[in-house]
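The values are calculated or read from the model by the stated rules, or taken from the named source; none is laboratory data. Source: prediction; values computed, not measured. We place every Cβ from the backbone using ideal geometry, glycine too, and count neighbours over all the protein chains shown. Remember, those area values only see protein heavy atoms, side chains included, never the ligands or the DNA or RNA. Shrake-Rupley method; radii C 1.70, N 1.55, O 1.52, S 1.80 Å.
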Amino acid sequence: MVSAEVLVTSPGRNFVTLRLRTEDGVVGFGDATVNGRELAVASYLGDHVVPLLIGRDAHAIEDTWQYLYRGAYWRRGPITMAAIAAVDTALWDIKAKLAGLPLYQLLGGRSRRGCLAYGHASGRDIPELFDSIRAHLDQGYRALRIQTGIPGLDSVYGVAASANSAVGNGGSTARYDHEPARRSPAPAEEEWDTRAYLRHAPRVFEAVRNEFGPELPLLHDAHHRLTPIQAARLGKDLEPYDLFWLEDVTPAENTAVLRRVREHTTTPLAIGEVFNTIWDYRALFEEQLIDYVRSPVTHAGGITALRRILDYASVYQIKSGVHGPTDISPVGLAAALHLGIAVANFGIQEYMKHSAATDQVFRPAYRFSEGLLNPGDGPGLGVDYDDEAATAHPYTPAYLPVNRLKLDGSLHDW
Ligand code: CS2
Ligand code: MG
């Protein structure tokens, strides 16, 4: 490599991108965005990784991965792994461009017509939710994540603030309030009440099944907020509504608790959007405690690492369910789609459309049609970086909210 640039832009939300360039002028991109901690990973890359890349062989993807992972001594962690992911993704982009092939061809070729995508349907109440579901179905979605407001709580993370919100797409496919971060010098504070949530969630899914029938795959995200026994109860209570998955029921540090959840429910479980290595999944795979892997390319150490995780998962009939909110940049999403189109154990891909301003910077080639995402057939990842458009959007601090219990203001799990 002759150059490695760390690019930070904020077309509505912050993104960190690595651009590598070879001596013959081939350019590759990698996503290193860590929502709410963007400058930490930009500094890790700029201070500690970029100097090691100049002069390295751009073809040596595996060796570079091992060099940055084993060589750092301080292994794992979201910042380190996002930095490695960006290098790895950019090197795959370069290799595919040099081969003149879309990246998925280097990963084994096409295994399916497209990657089944799920969108985010939400509403403050059930009528708003139904509007949002209808709007998504009209746009072609064939699987939907369902989140709603909870009676007694002013706002709930993952729910669009208003069906007519001017933010994002507008109408009843509006982005939710924090999208998923909010530009401000400090996190917003939200109230949380687990008992109210546990009472309300089954009613929502009952209403959705009554209105929309048994076919539509429905997903739900509990955002790490439950204890093991609460999670077990939610899984059991949702069984009649046949969820595609229930996501992040408990905090991610203590994965052993999923044994307790699994003992009690046949609702499929998904976890891993905040994991960063294959080791986080070991017990979960070997004991078959989960059904879907949520890691994105961006936070799991790149295409090389996520491919390895998914191969390991396949031994246990566990499938991919890659994280795809707007804080995964178009570069990270493109990487997921090339992997998703190729691997045998693809499950589903989260898809929360980026803003028009974001797409102007990255110019992604991927397309959504009839519920499926396709990465495009040009050489490489199929993304670009428009420096002029990017510079018009300087970095702006933004944070995810925090939760405090409505009962007494204690800080609660996220
Ligand atoms: C969510 C994300 O998409 C999801 O499943 O959990 O919105 C998540 O909260 C953000 O990506 C956090 O950065
Ligand atoms: Mg999630």
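Of everything in region 41-60, what is open to solvent by less than 50 Å² (accessible area, probe 1.4 Å) and either among the hydrophobic types (A, V, I, L, M, F, W, C) or within 16 Å of ligand 2 (Cβ to nearest atom) (or both)? Give them in sequence order. Residues satisfying the conditions are Val41, Ala42, Leu45, Val49, Val50, Leu53, Ala58, Ala60. Listed by position, the strands (runs of 3 or more DSSP E) enclosed by region 1-89 that each have at least 1 residues that are farther than 16 Å from Ala300 by Cα and of a type in the set (Ser, Thr, Tyr) are 3-9. Residues in region 386-414 that are in contact with a Lys or Arg (Cβ under 6 Å, 6 or more places away or on another chain), part of a loop (DSSP other than H, G, I, E, B) and either away from ligand 2 (no atom under 16 Å from the Cβ) or basic (Lys, Arg) (or both): Thr396 alone. Screening the candidates Tyr316, Tyr312 for the property of being surrounded by fewer than 21 Cβ atoms within 10 Å (Cβ to Cβ), touching a helix residue (DSSP H, G or I) at 6+ places or on another chain (Cβ under 8 Å), outside any loop (DSSP other than H, G, I, E, B) and not aliphatic (A, V, I, L, M) yields one hit, Tyr312.
Residues in region 90-102 that are in a helix (DSSP H, G or I) and either surrounded by 24 or more Cβ atoms within 10 Å (Cβ to Cβ) or not basic (Lys, Arg) (or both): Ala90, Leu91, Trp92, Asp93, Ile94, Ala96, Leu98, Ala99. For region 354-374, a tally of residues being over 30 Å from Arg183 (Cα atoms) and either among the small types (Gly, Ala, Ser) or in contact with a Phe, Trp or Tyr (Cβ under 8 Å, 6 or more places away or on another chain) (or both) returns 3. The sole residue among Gly347, Gly380 that is more than 19 Å from the chain's Cα centre (by Cα), of a type outside the set (A, V, I, L, M, F, W, C) and more than 13 Å from Val297 (Cβ to Cβ) is Gly380. In region 66-83, is there at least one residue being under 22 Å from Phe362 (Cβ atoms), crowded, with 24+ Cβ neighbours inside 10 Å and of a type in the set (Gly, Ala, Ser)? Yes, region 66-83 has at least one match. Out of the residues in region 110-134 meeting the condition of being open to solvent by 20 Å² or more (accessible area, probe 1.4 Å) and aliphatic (A, V, I, L, M), tell me which one is farthest from the chain's Cα centre (by Cα). Within region 110-134, the match that is farthest from the chain's Cα centre (by Cα) is Ile126. Out of curiosity, is Ala390 surrounded by 19 or more Cβ atoms within 10 Å (Cβ to Cβ) and under 26 Å from Arg76 (Cα atoms)? No, not satisfied. Of all residues in region 257-291, those satisfying the criterion of being over 21 Å from Ala82 (Cβ atoms) and in contact with a Pro (Cβ under 7 Å, 6 or more places away or on another chain) are Val257, Arg260, Val261, Asp291.
Here's a check for you: in region 352-366, which residue that is touching a helix residue (DSSP H, G or I) at 6+ places or on another chain (Cβ under 8 Å) and within 16 Å of ligand 1 (Cβ to nearest atom) is nearest to Arg112 (Cα to Cα)? Of everything passing the filter in region 352-366, His354 is nearest to Arg112 (Cα to Cα).
Listed here are the residues, each with its yes/no results for (1) more than 13 Å from the chain's Cα centre (by Cα); (2) among the aromatic types (Phe, Trp, Tyr).
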position	(1), (2)
Tyr281	yes, yes
Val293	no, no
Ser320	no, no
Pro325	no, no
Leu339	yes, no
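Return yes when Arg307 is open to solvent by 40 Å² or more (accessible area, probe 1.4 Å) and under 17 Å from the mean Cα position of the chain (by Cα) and no when it is not. Against the criterion (open to solvent by 40 Å² or more (accessible area, probe 1.4 Å) and under 17 Å from the mean Cα position of the chain (by Cα)), Arg307 qualifies.
Results for (1) under 17 Å from the mean Cα position of the chain (by Cα); (2) within 16 Å of ligand 1 (Cβ to nearest atom), shown as yes or no for each residue.
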{"residue": "Leu243", "(1), (2)": "no, yes"}
{"residue": "Val249", "(1), (2)": "yes, yes"}
{"residue": "Asn254", "(1), (2)": "no, no"}
{"residue": "Arg260", "(1), (2)": "no, no"}
{"residue": "Thr267", "(1), (2)": "no, no"}
{"residue": "Ile271", "(1), (2)": "yes, yes"}
{"residue": "Asn276", "(1), (2)": "yes, yes"}
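The criterion of being more than 30 Å from Arg19 (Cα to Cα) and of a type outside the set (Asp, Glu) holds for Val249.
Restricting attention to region 327-378, the residues that are touching a His at 6+ places or on another chain (Cβ under 7 Å), buried (at least 24 other Cβ atoms within 10 Å of the Cβ) and not in a helix (DSSP H, G or I) add up to 2. Restricting Leu310, Leu339 to those that are away from ligand 1 (no atom under 16 Å from the Cβ), of a type outside the set (Ser, Thr, Tyr), outside the structural domain of Gly12 (by TED's automatic domain parsing) and over 15 Å from Trp92 (Cα atoms) reduces the list to Leu310.
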